[in-house]
Structure formats: C-alpha cells, structure tokens
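> One structure follows; several queries about it will come next.
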Amino acid sequence: MHAETELEFEALRAVCGRYVRSSLGREELAQVAPLSDRGAIENALIDAAEAIEYLRATTQPQPAARGSAIRVRFEGVADPGSSLARLRIEGVTLEPNEIFELARLLDLAAEARSILLAAREKYPRLAAHASGLADLRDLVNDLRGKILPDGGVADHASVALARLRRDVEKQRHLIQQSLERFLRAHQEDGTLQEDFVTIRNDRFVVPVVTGRERRVEGVIHGASGSGHTLFVEPLETIELNNELVRLREEELREVHRILREFTARLHQHAAEIASTAEALGRLELLFAKAEFAQDFRCAVPRLGSPAGRRLILREARHPLLEDVLRDQKRSVVPVSLSLDDVQRTLLISGPNTGGKTVALKTVGLLALMTHAGLPVPAAEAEFPLFDQVLADIGDHQSIQESLSTLSAHIAAIRIMLERATADSLVLVDELGRATDPEEGGALGVAVLEALFRRGAFTLASTHLMALKVYGASTEGVRNGSMGFDEETLEPTYVLRLGAPGKSAGLEIAGRLGLDPALIEAARARMTTSERDVARFLAEMQARLDALQAERREIAARQQALDARERSLDQVWDRKYAAKIKELEQRASELSADFEQRAQAAIGELSQKARAKIARTKREYQEAVEALVPAAHAAPRLKLEEGARVRLKGIRQAATVRRLLAGDLLEVDAGFLKMQVAASDVEEILPPSEAPAARPGIAFRQGPAYGDSYREINIIGQRAEEAREKVDKMLDSAALAQVERVRIIHGHGMGILKKAIADLLKQNPHVEKFYSAPPEEGGSGATIVVLK
C-alpha cells in the first residue's frame, strides 16, 4: 500500500497511541500497517469487533457471575526486551528490578488469561488470544512480593536472608550503643567536633577535632572538606564493625544466590515468557482499538466481496480533523458516498475551502484504516480489497528539485498511471491544476479515462469546467459537489452526489473582505459563456436540492401509501371474512333462538323449523355473496353421503352423513356432529380407508353441536358467569379445531373485558387475543386465536 504519508497514517497511529498504556502495546501498535491479505484483514476486523463488544459490556451493569466482562489491566508493564535477551544467556543473573518487571508482566498476564478464558463462551476470539498467555501461576506465586518495587530483595525471600538481616540489625544496635558510651565519655573534654555518629567506608565513626585525635585510640577513616574534623573509628568498636561487615557480606551472598535462583527459574520458561509478552501486547492493542472506537464513535468496516465490489461510506468523519475540532467544541460534517464496479469514478467540485480535499483524505485514510484492521469513524463503511492506495494531494513543488507545482503534479500522475491496477484506489486533488484550464481539463479527462479503463476506483476534485461536463455526460462517472450557502456565502461542507458544483471563488473573495468593486469588475471580465455556465450550475444545484427534497417527500409518501395499502388489504380480508362470519353468526343466533323456543314448546326441533333456519341462513349467505365480486365466489360443490369434505373455519376433515332438506348437511367433524349449510364446504377431499375396529374399543358419537362455537355474547352478564361460559365455549371450540372466535362483551365500565382478558391469559387453548377491528365491534369485542 502507498500514500500513508500524504494521508497522515502516522498521525492517526499517534492518536491511537493514547489508548496504549504499556511498552508491549506500543510495540504492537508500531507494527500496525495496511495489509493486502484478505484473511489477515478480516481476522483483525472481527477481533476488533469482539473487543469493542467486550469493552461496551464492561461499562454496562451486569450480574456478578463467572464469564462476566471484567476490564483487563495493562498498566505499568515495562519493556521486557532487554531482560528477555539477557535471560536467554546461560549463567547470567538478572538484576532485581528486571526480575520484578518480568514477575509483574507474568502477574498481569495470568490475570488477563483468567478473566478472558472465563468469558470464552461469549467472547471466543479474545479467549483464543488469551490462551497464548502462558499459565505460569506457580512461578508467579513464588516470585510475588519477593522483589520490591525499588529493586530490593524482601526479607522473606529466604529463611537465611531473614536471619542475616536480623543479625545485621542486632550488630548495628551493639555498635550504636558502644559509640554512644564513647560520646558520653568525651563529651566534656573538647575532643569531639560534634555529638553524633556517622559512617565512613561502611564503618561507624565519630567526628574528632583535628589535632586532638591522639586522645582517642582508633583508626582514622578520613577528614572533612575543611580539614577541621577527622573521622575516627574507636578501638572498642573495631571488632564490632568487623562483625557487621562480615554479616553484610553474607547478606549480599545470600541476595545474589536468591537472584541467581529466581533467574534460573525464569530461564527455564524464557520462550514461554517471550510469547506471553507478545500475546499480552496483541491483547492490549485490541483493547486500544476498542477504546479508540468507543471514543470516536467508530464502526467496524466490511471488506466487500470480489464479485461485486463496492465502496460505501455513511456519515464518515476524518479522525484527525475530528480530534482537532473536538478541542474547539466543534463537530465534523460527515461525508456519505457510494461507488461500485459500474460507477467507480467520483468527481468532486465546489467552492474553495469547501471540504473537497478533506473528503478525499477521509476516503483514503479510512481505506488505509480498514486494511490495517482498525475501526473507522463512520456509521457504516465497506471497502473492496485494495492492493494499494495512490494519492496526489496538496502542492508538491520543490525548489531543490526544480519542480514547479505542475511538474510535481504531472510526476505524481505519471507514477500513479504506472502503478494503478484494477484493485487500486486512486485519489487526485485538483486534477489538471497549475496550467491553462483548457489544457488542464483535457489532461484530466484523459487521466480519468485511463484509470477507468484500468478498473481502478478513482476520486478526484476539480474546479475545471471540462471535467465537470465529463462527469455529467460519461457513463460510470459520478459528479459530486460540496455544498455552498448562497445566502451566507459560506461552504456547508456537505457532499451531495448527482451534480457538479460551482467554484464560487468571487463569492468567497467577497466574504473574505475583497473590495466589492473589484469583484464586480472581475464578473464583467468573465465571458458570457462562463457566466451562463456558472448560473447554470447554480440553477442545477438548486434544482438538485429541490429534487432531493422532493424525492425524500415522495419516498415518505410511498412508504405511507405502502403501509396504508397493506393495512387496507388486511382490513379488506378481515371485512370479507367478518361479513361471512357475521352472516353465519346471525343465522346461528336465529337457529339457537328458535331451538330454545321449540324445545320449550314441543321438546324437539322439527324438520320444518330446521328448513326455515336453513333458508334464513342461506338468505344471509346469498346477501353476502352478492356483495363479494364474482371472482371471489366459491364454486358450488356436488356432495353425496359418505364424502370427506373440508369446512370453513375448521381444520379437521369432516364426513357427510346425510343430505338434509333446505340445502343442509349433517356432518361428523371429529367428535362433533353438526348441521351446516352446503355453502360452508370449501372442497371435497379424496376418500380414505377407515381404520379397522379394534377389539374392546367402542365409539360413541358426542352430542350435536351448532355454530355457536365461533362466537359468544356475554353482554349484561356477571363477571363470574361470563368467565364460566367463555371457558366452556373455548373448550368446545378447541375440540372442534376452530381457529378463531369472537367474544362480545360490550364497552360499559370495562369490567367484563378485563375479566375475560384475565381468563384468556391463563387458558391453555389460547394462542393470542386482541381487540376486534372497528368493523367487528372494536373495543367492545375481543378476537381470540386458538392454538
């Protein structure tokens, strides 16, 4: 990959470095670079996504349980490189501070390993990285606390060391007592310069006035800078000091032995410690990526399929610009764009200082970040797999190399044309600049056509009219413009696709304080065609804005219409079904009413009464069918006794027992015996062999059951009475395999509705229930769907 310098990838690395806390992480971050291997990139992005999810979980309340997301610590790990290098040398003894740092590294690694392996079920990739941390808990426990942070060896590092240090302390106390006696004996004779004890050459001495040293038997260990004081070791403390020196030498030998032992133990695991340091650095880098993503509101980008390459950015922001503006309490205007294999060239025009260069740099830097496995500051991002990013951004003129702006520009273009492939991303700022506009435009068109033929994805900015016309008239090339507010004469930094933008140089010059008379003189010198084109671009941009607003409005209306159409379709289906069911219900109510009266009068329902009910039901049915279009009318079916049929609203097949008068049928549906209208038959099923009767098993037909299992009216009833009736009705409806029933409870004070709702919540037959639509009674009725 190329263009890391022009796109400031190193500056981005420095921003990411704020989230790295140890030298191990900084070493890993230094190796982060754009890759060209698809598998490596995708693995890095997936790892980053899991780290982001883990970090987000650590900041949210969660139950205390094994496998919970716990923040992993990386602070305070020193660079173990030199210590590990010395550890590999046979016979070398590490310094105490080196052992301390290695022990701390292993301690943090053991903690991270324990935390992440416990969460392996939810975060398998982080756990896989944690498994690369060596399990050296026994060694860590043995070393813990033995070496102090200041590099000293703790007293409890060995039994011998603790004993020696106790003996040293006792000997120091004996010497101190002896010298204090000496000081008291010579306190009044003028021999002592000062009344204190000091140390010279690791031996305790007293200050004696020069010239009076003969009064003291002992050994002189030096003089003060002024020469007025001699430091004398009294004779009576020489043996005591000698014993102290011996004890100290034994202490040093014991410390050296301990360090040698600790070094030997670490040496046995040198390779594991080195791999653990690398794995810990990789883990820290992953969590640094996650913190960066959280702080900059990043998304994990996608690496598109080679079959259908796409470059998609939605609300993308340049991280370095956002970092600067954040300190100023300002926000970045995001960029959104899309390119694909068909339209893979984007020409961006618009006002000076309008954000064209920032848009190019944003696309380029985010492409590099994606290929480096980093999350990008955007709501959504997808890039093809690029083999390289080539960029010519800014003015590269050089006095030392005798390069003018044009020469540098042409040199960069030449290199890009030599290197560009079908898998390249090419970014060119101010294409065709620094020369005559006509020549520059022609050159720019030729360059874009050459890159398009190569198959490269290309983004270029320009002020040249020839390139704007080329972008508007060439298939596969998209025009884009940076917004400009005509009222405030300031750029909006919003990238809009679909039309070129005007440069607005004169307007900006006026905003920056140039004399209005000069600006008007400049306008007068513009050719008519130039003014016409500028006016045309301004009008086109205004129309594009209006068109986009209209499209948004049309899309919103279309969405509303689609929703209304779906709602109307559902309403029509419900109305159609409701009308049929309403007629059936009315006929059922008439039949039930007549049956009750007939039972009270003569004890049984006469055939004539049955025919009358059937006619009433048929009249309602015919009235409904007259309202329904002929295309929806079901064909009349020819029925005979013994035929297997499927009835409306009943899932189980029924068998025709008898053909009755008045276009009625007597059918068996499971355990139910019913009389239904012939119009309720949806289809005639093929005959099936009846199962052979088994010995010892008898069949008894259940009682006849009418159409009242589809609906019940409980208006005016007490809650307990209504609940009992509805409960029985649901049992019967479930036995008949009815899919849907309606319970009419009315509005009132809502007591019946609440009681029935409580019953339905507990009933085992109920799949779901809801208030009826307006055409079926609205909130005065409840629709129940049975399991």
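The values are calculated or read from the model by the stated rules, or taken from the named source; none is laboratory data. Note that the coordinates shown come from a computational prediction; the quantities given were computed from them, not determined experimentally. We place every Cβ from the backbone using ideal geometry, glycine too, and count neighbours over all the protein chains shown. Please note that ligands, DNA and RNA were not included when accessible areas were found on the heavy atoms of the full protein model with its side chains. Shrake-Rupley method; radii C 1.70, N 1.55, O 1.52, S 1.80 Å.
> If residue 351 satisfies all but one of (1) surrounded by fewer than 16 Cβ atoms within 10 Å (Cβ to Cβ); (2) touching a strand residue (DSSP E or B) at 6+ places or on another chain (Cβ under 8 Å); (3) at pLDDT below 90, what's the number of the condition it fails?
Status for residue 351: all satisfied but (1).
> Of all residues being in contact with a Gly (Cβ under 8 Å, 6 or more places away or on another chain), closer than 15 Å to residue 360 by Cβ and not aliphatic (A, V, I, L, M) in the range 433-460, which is modelled with the lowest pLDDT? Just the residue, please.
Applying the filter and picking the extreme gives 433.
> Being farther than 20 Å from residue 654 by Cβ and small (Gly, Ala, Ser) is the filter here, so list the residues in the range 723-752 that pass it.
Once the filter is applied, which keeps residues that are farther than 20 Å from residue 654 by Cβ and small (Gly, Ala, Ser), the range 723-752 yields 746, 748, 750.
> Just for the range 3-13: of the residues that are more than 23 Å from the chain's Cα centre (by Cα) and either open to solvent by less than 70 Å² (accessible area, probe 1.4 Å) or within 19 Å of residue 102 (Cα to Cα) (or both), which one is modelled with the lowest pLDDT?
So, considering only residues that are more than 23 Å from the chain's Cα centre (by Cα) and either open to solvent by less than 70 Å² (accessible area, probe 1.4 Å) or within 19 Å of residue 102 (Cα to Cα) (or both), the one modelled with the lowest pLDDT is 3.
> Scan 321, 346 and give me the residue that is open to solvent by less than 20 Å² (accessible area, probe 1.4 Å) and either of a type outside the set (A, V, I, L, M, F, W, C) or over 30 Å from residue 103 (Cα atoms) (or both).
Matching residue, one of 321, 346: 346.
> Please go through the range 357-381 and pick out each residue that is open to solvent by 10 Å² or more (accessible area, probe 1.4 Å) and either part of a helix (DSSP H, G or I) or charged (D, E, K, R) (or both).
Those that are open to solvent by 10 Å² or more (accessible area, probe 1.4 Å) and either part of a helix (DSSP H, G or I) or charged (D, E, K, R) (or both): 357, 358, 361, 380.
> State all residues of the range 24-37 that are part of a helix (DSSP H, G or I) and crowded, with 16+ Cβ neighbours inside 10 Å; if no residue qualifies, say none.
24, 25, 26, 27, 28, 29
> For residues that are open to solvent by 10 Å² or more (accessible area, probe 1.4 Å) and aliphatic (A, V, I, L, M), scanning just the range 448-473, find the one that is farthest from residue 495 (Cα to Cα).
Of everything passing the filter in the range 448-473, 450 is farthest from residue 495 (Cα to Cα).
Conditions tested, residue by residue: (1) open to solvent by less than 30 Å² (accessible area, probe 1.4 Å); (2) under 24 Å from residue 14 (Cβ atoms); (3) touching a Ser or Thr at 6+ places or on another chain (Cβ under 7 Å).
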| position | (1), (2), (3) |
| --- | --- |
| 296 | yes, yes, no |
| 300 | no, yes, no |
| 306 | no, no, no |
| 313 | yes, yes, yes |
| 316 | yes, yes, yes |
| 330 | no, yes, no |
| 335 | yes, yes, yes |
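> Then there's this: Residue 70 - would you say it is surrounded by 13 or more Cβ atoms within 10 Å (Cβ to Cβ) and in contact with a Gly (Cβ under 9 Å, 6 or more places away or on another chain)?
Answer is no for this residue.
> Search the range 266-287 for residues that are under 20 Å from residue 46 (Cα atoms) and pair each with any residue that is small (Gly, Ala, Ser) and assigned to a helix (DSSP H, G or I) when their beta-carbon atoms are under 6 Å apart and the residues are at least 6 apart or on different chains.
From residues that are under 20 Å from residue 46 (Cα atoms), the pairs are 280/109; 281/25; 284/25; 285/25; 286/51; 287/51.
> Moving on to the next point. Do we find a residue being modelled with pLDDT under 75 and in a loop (DSSP other than H, G, I, E, B) anywhere in the range 708-731?
No, there is no match, as no residue in the range 708-731 is modelled with pLDDT under 75 and in a loop (DSSP other than H, G, I, E, B).
> Further question: What is the one condition in (1) at pLDDT below 90; (2) more than 20 Å from residue 250 (Cβ to Cβ) that residue 102 does not satisfy?
Among (1) at pLDDT below 90; (2) more than 20 Å from residue 250 (Cβ to Cβ), residue 102 violates only (1).
> State the number of residues belonging to the range 111-124 that are open to solvent by less than 20 Å² (accessible area, probe 1.4 Å) and small (Gly, Ala, Ser).
Selection size over the range 111-124: 2.
> A further question on this structure: For the range 105-134, give me each residue that is of a type in the set (D, E, K, R) and either modelled with pLDDT under 90 or part of a helix (DSSP H, G or I) (or both).
107, 111, 113, 125
> Which residues, counting only those in the range 142-186, are closer than 19 Å to residue 255 by Cβ and of a type in the set (Ser, Thr, Tyr)?
The one that is closer than 19 Å to residue 255 by Cβ and of a type in the set (Ser, Thr, Tyr): 158.
> Among (1) modelled with pLDDT of 80 or more; (2) farther than 19 Å from residue 644 by Cα; (3) of a type in the set (A, V, I, L, M, F, W, C), which single condition is residue 678 missing?
All conditions are met except number (2).
> Another one. Which pairs have Cβ atoms under 7 Å, sit 6 or more apart or on different chains, and link a residue in the range 738-754 that is closer than 22 Å to residue 767 by Cα and open to solvent by less than 30 Å² (accessible area, probe 1.4 Å) to one that is among the basic types (Lys, Arg) and at pLDDT 85 or above?
Matching pairs, first to second residue: 745/753.
> Could you grab me the full set of residues in the range 18-32 that are within 20 Å of residue 369 (Cβ to Cβ), among the small types (Gly, Ala, Ser) and without any contact (Cβ under 8 Å) to a residue 60 or more places away in the chain?
Within the range 18-32, just 30 meets the criteria.
> Could you list, in sequence order, the residues of the range 755-786 that are open to solvent by less than 50 Å² (accessible area, probe 1.4 Å) and closer than 26 Å to residue 673 by Cβ?
Across the range 755-786, the qualifying residues are 763, 766, 784, 785, 786.
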